[in-house]
1. With label points built 7 Å along Cα→Cβ from the Cα atoms of ALA91 and THR39, find their separation and express it in nm.
2. Quick one: if you stick a label point 7 Å off each Cα along the C-beta vector at LEU65 and LEU20, how many nm between them?
3. Would you mind calculating the gained length between ARG8 and LYS83 on full extension (0.36 nm times residue separation, minus the Cα-Cα distance), in nm to one decimal?
Amino acid sequence: MMANEGDRMGFRLIGGAMALMGLTACGGARSDYPALMPTDQILAEPAMPAHAGNAARDDSLGAGLDARGRALAGRGQTGPVIKDHDLQSRADALRDRAKALSQQSLDTQQCPGNAPDCAPSAPE
């Protein structure tokens with residue numbers, strides 16, 4: 001019986017997967033466990049890298065960073081700025097709305113149909 005094209009494609013995929021598994025099993029000079037960081041490096045006191053000493057002594061870097069910070073701060077002011085008073089009034093309005101909602105009765109049996117402090121009943 002002759003295999004159709006789909007079966008041949010399936011056999012090729014299975015064969016490729018088996019070959020790939022075989023290649024991954026062949027490792028070089030690897031050990032069972034990964035190499036660990038030496039204890040003297042882990043327990044060493046923190047130290048500034050040698051290249052950072054020059055940067056700490058260079059006064060022009062501080063001025064450059066300050067200028068860059070001012071430039072970035074200027075870019076951040078492009079949108080509308082909300083004042084603290086506006087935020088406070090919005091927060092107060094949300095608190096008032098939450099209080100009103102929390103005082104609404106959920107029992108439709110005790111509420112008349114159009115009472116403002118009752119939750120509206122769901123349509124059936």
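1. It works out to 5.3 nm between the two label points.
2. My value for the distance between the label points is 4.8 nm.
3. Values: separation 75, 0.36 × 75 = 27.00 nm, distance 7.05 nm.
Full extension of this stretch gives 20.0 nm more.
Coordinate-derived values only; no laboratory data. Since the model is a prediction, treat every value here as computed from it, not as a measurement. As a convention, Cβ positions derive from the backbone with ideal geometry for all residues, glycine included, and neighbour counts pool all protein chains shown.
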